[in-house]
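Computed from the coordinates by the stated procedures, all read-outs in this text should not be read as laboratory data. Nothing here was measured: the structure is a model prediction, and the numbers come from that model. In this analysis, Cβ positions are derived from the backbone assuming ideal geometry, glycine residues included, and neighbour counts consider all displayed protein chains.
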Amino acid sequence: MTPARRPEGQVAPVYLVRGEDPALVAQAARALLARLVGERDPALVVEEHGAPSAVDDLDVGVVIDAYTTPPFLIDRRIVVVRDAGRLAAADAGRLVATLADPPPSSVLVLVAGGGTVPAALVKAVTGAGEVVDVTVRNARDRTQWLAERLKGAPVRLDAAAAARLGQHLGEDLGRLQGILETLAAAYGEGATIGADELAPFLGEAGAVPAWDLTDAIDANAPAAALETLHRMLGAGGRAPLEVMGILHRHFANMLRLDGADVTGGEEAAQLLGMRSAFPAKKALEQSRRLGGERIRQAITLLATADLDLRGQSALPAELVLEILVARLARLQRARTPAGRR
């Protein structure tokens with residue numbers, strides 16, 4: 001997520017805006033430019049290079065000349081490079097050399113866009129300026145990102161409305177700004193919005209991440225799991241076999257951990273080949289909670305459903321997945337103590 005911002009009024013010589021969602025990157029870039037421009041005339045202050053339609057014609061020499069030329073009749077020059085993720089290593093190297101001694105009255109804004117920004121350039125920006133990272137990697141990041149944006153929103157959402165909005169948006173966080181601006185236009189800036197006032201402006205439910213489905217299954221919440229499945233197949237645009245792959249990986253990880261001599265998330269992550277201990281710890285806890293017998297039942301259910309999706313059954317693919325998800329969620333029920341029904 002985004003690192004701590006510099007003190008108010010203090011401007012860095014260079015910024016890099018990056019993230020996985022183009023809509024979030026574009027929003028963050030607009031907010032940054034608005035802060036840097038302030039009350040100045042953007043036409044006099046901002047110079048754009050490398051628009052997506054002309055990225056192949058991006059001349060880094062021209063960018064460096066613009067960045068190192070002192071501003072005329074203004075106190076600040078802002079040079080924006082779009083689609084900086086497509087910069088060649090040699091061009092990135094020229095920018096790195098320039099950032100070793102950045103000019104005092106210019107600001108370079110690199111907007112990542114497609115591709116990957118060379119590591120040397122990221123390191124140079126981190127040393128001389130600021131990286132604005134809007135990548136949302138998990139549910140915790142998503143909740144934090146939403147809370148930060150709602151703090152500065154033109155309207156105030158009560159707790160119920162904020163929770164409803166977060167659940168509705170799912171992964172489509174790029175829609176947030178438009179909804180907030182529409183609410184401000186309808187109810188006035190500073191208005192307090194409840195769930196009932198919010199509802200007419202939500203539109204279609206957004207896509208949801210894979211962990212929403214597996215978390216609902218693990219929680220023995222078949223209704224929530226089925227709702228999430230429908231959003232993944234609908235707004236999320238995921239193919240049935242893609243959903244099957246998500247479920248198979250989830251239970252296969254539990255199977256690998258069943259009976260394994262691991263004591264925590266770090267060891268589980270090493271065994272599963274995961275970078276993060278957080279999902280590995282969840283898989284370990286769920287493996288122990290479910291037990292070997294029910295994990296094997298889940299794998300059997302997955303294998304049968306996979307064959308059905310590939311033509312063994314005449315049932316529609318969505319119905320096959322609905323049945324599978326409901327059965328997997330039912331497996332999560334606690335064992336009935338002996339002597340009780």
### Message
Can you tell me the orientation of helix 317-330 relative to the chain, as the angle in degrees between its alpha-carbon axis and the longest Cα principal axis, to the nearest 10?
### Response
70
### Task
Using per-residue counts of other Cβ atoms within 10 Å, averaged over each peptide, order 89-100, 280-291 from highest down.
280-291, 89-100
### Message
Net charge within 13 Å of Ala184 by Cβ-Cβ distance, Lys/Arg positive one each and Asp/Glu negative one each, not counting Ala184 itself?
### Response
-2
### Query
For helix 89-99, what angle does its Cα long axis make with the longest principal axis of the chain, in degrees from 0 to 90 and rounded to 10?
60
### Query
What is the dipole size for the range 250-341, taken about its Cα centre, with +1 at each Lys and Arg Cβ and -1 at each Asp and Glu Cβ, in debye to the nearest 20?
480
### Message
Just to confirm the number: angle between the C-alpha axis of helix 277-290 and the first principal axis of the chain, 0 to 90 degrees, nearest 10?
### Response
10
### Task
Would you work out the charge dipole size for the chain about its Cα centre, treating the Cβ of every Lys and Arg as +1 and the Cβ of every Asp and Glu as -1, and quote it to the nearest 20 debye?
1480
### Query
Toward the positive end of the charge dipole of the chain, about the Cα centre and with charges on Cβ (Lys, Arg +1; Asp, Glu -1), which of Leu183, Leu307, Val60 goes farthest?
Leu307
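Suppose a student asked you for the relative contact order of the chain, using Cα pairs under 8 Å spaced at least 6 residues apart; what percent would you report?
Over the chain, the number comes to 14 percent.
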### Message
What is the sum of charges, Lys and Arg at +1 and Asp and Glu at -1, for the other residues whose Cβ falls under 15 Å from the Cβ of Ala147?
### Response
+3
### Task
Excluding residues on the same chain fewer than 8 positions from Lys281, give the aspartates and glutamates whose Cα lies under 14 Å from its Cα.
Asp215, Asp218, Asp258, Asp261, Glu266, Glu267
### Query
Looking at the square roots a ≥ b ≥ c of the eigenvalues of the Cα gyration tensor of the range 14-133, which shape do they give, rounded for a/c under 1.5, prolate if a/b is larger than b/c, or oblate?
rounded
### Query
222 nm [θ] for the chain, helices only, -39500 (n - 2.57) per DSSP H run of 4+, per residue, to 500?
-16000 deg cm²/dmol
### For Arg156, residues with placed amide H under 5 Å, excluding near neighbours
Gly190, Ala191, Thr192, Ile193
### 11 Å beta-carbon shell around Ala160, net charge (K/R +1, D/E -1)
-2
### Task
Could you list the square roots of 5 times each eigenvalue of the Cα gyration tensor of the range 139-201, that is, the equivalent ellipsoid semi-axes, sorted largest first and rounded to whole Å?
18, 12, 11
### Query
Which residues' amide hydrogens lie under 5 Å from the amide hydrogen of Val107, considering only partners 5 or more residues apart or on another chain, with H built in the peptide plane?
Arg77, Ile78, Val79
### Task
Compute the distance in nm between two label points, each set 7 Å from the Cα along the Cα-to-Cβ direction, one at Thr143 and one at Ala239.
3.4
### Summary
The extension gain from Ile246 to Arg40, computed as 0.36 nm times the residue separation minus the Cα-Cα distance, is 69.2 nm
